[in-house]
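Presented below is the structure to which this report refers.
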């Protein structure tokens, strides 16, 4: 759900390696043998590690389950409710903020 922005200078060029040298093409014109699932789910958790005093160094993993994200035929759901475009944008922003927030 996080938008990817490709950095400059990393565009794929068929037949060229990362150093600009010619290589055999990887595309063998074979059909995709793996069929992606029409539905998959994953838990949306928030780690409290580093935020809960005394939790470091113990077997206990201080994770807080926020809910479940399910994608059915390309449509995302949160706890069974479809996510609107605005919901997706806000969730993406929140995840990015969490990822860039240093632990204290």
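The values are calculated or read from the model by the stated rules, or taken from the named source; none is laboratory data. Model, not experiment: these values are computed from the prediction. Positions of Cβ are backbone-derived with ideal geometry, glycine not excepted, and every protein chain shown enters the neighbour counts.
Pairs please, first residue from the stretch 58-87 and on the phi < 0 side of the Ramachandran plot and loosely packed, with under 10 Cβ neighbours inside 10 Å, second anywhere and part of a strand (DSSP E or B) and at pLDDT 90 or above, Cβ atoms under 9 Å, 6+ apart in sequence or on different chains.
These pairs meet every condition: 65/43.
In the list 14, 25, 37, which residue meets the criterion of being modelled with pLDDT of 80 or more and part of a loop (DSSP other than H, G, I, E, B)? Can you show your working first?
Values: 14 fails: modelled with pLDDT of 80 or more; 25 fails: modelled with pLDDT of 80 or more.
Result of the check over 14, 25, 37: 37.
Assess whether residue 48 counts as being closer than 29 Å to residue 79 by Cβ, out of contact with any helix residue (DSSP H, G or I) (no Cβ under 8 Å at 6 or more places or on another chain), surrounded by 10 or more Cβ atoms within 10 Å (Cβ to Cβ) and modelled with pLDDT under 80.
Taking the combined requirement at face value, the residue satisfies it.
Can you find even one residue in the stretch 51-62 that is more than 19 Å from residue 3 (Cα to Cα), at pLDDT 90 or above, assigned to a loop (DSSP other than H, G, I, E, B) and touching a strand residue (DSSP E or B) at 6+ places or on another chain (Cβ under 9 Å)?
Taking the stretch 51-62 and keeping what is more than 19 Å from residue 3 (Cα to Cα), we get 51-62.
Going one step further and asking which of them are at pLDDT 90 or above, we end up with none.
There is no residue in the stretch 51-62 that is more than 19 Å from residue 3 (Cα to Cα), at pLDDT 90 or above, assigned to a loop (DSSP other than H, G, I, E, B) and touching a strand residue (DSSP E or B) at 6+ places or on another chain (Cβ under 9 Å).
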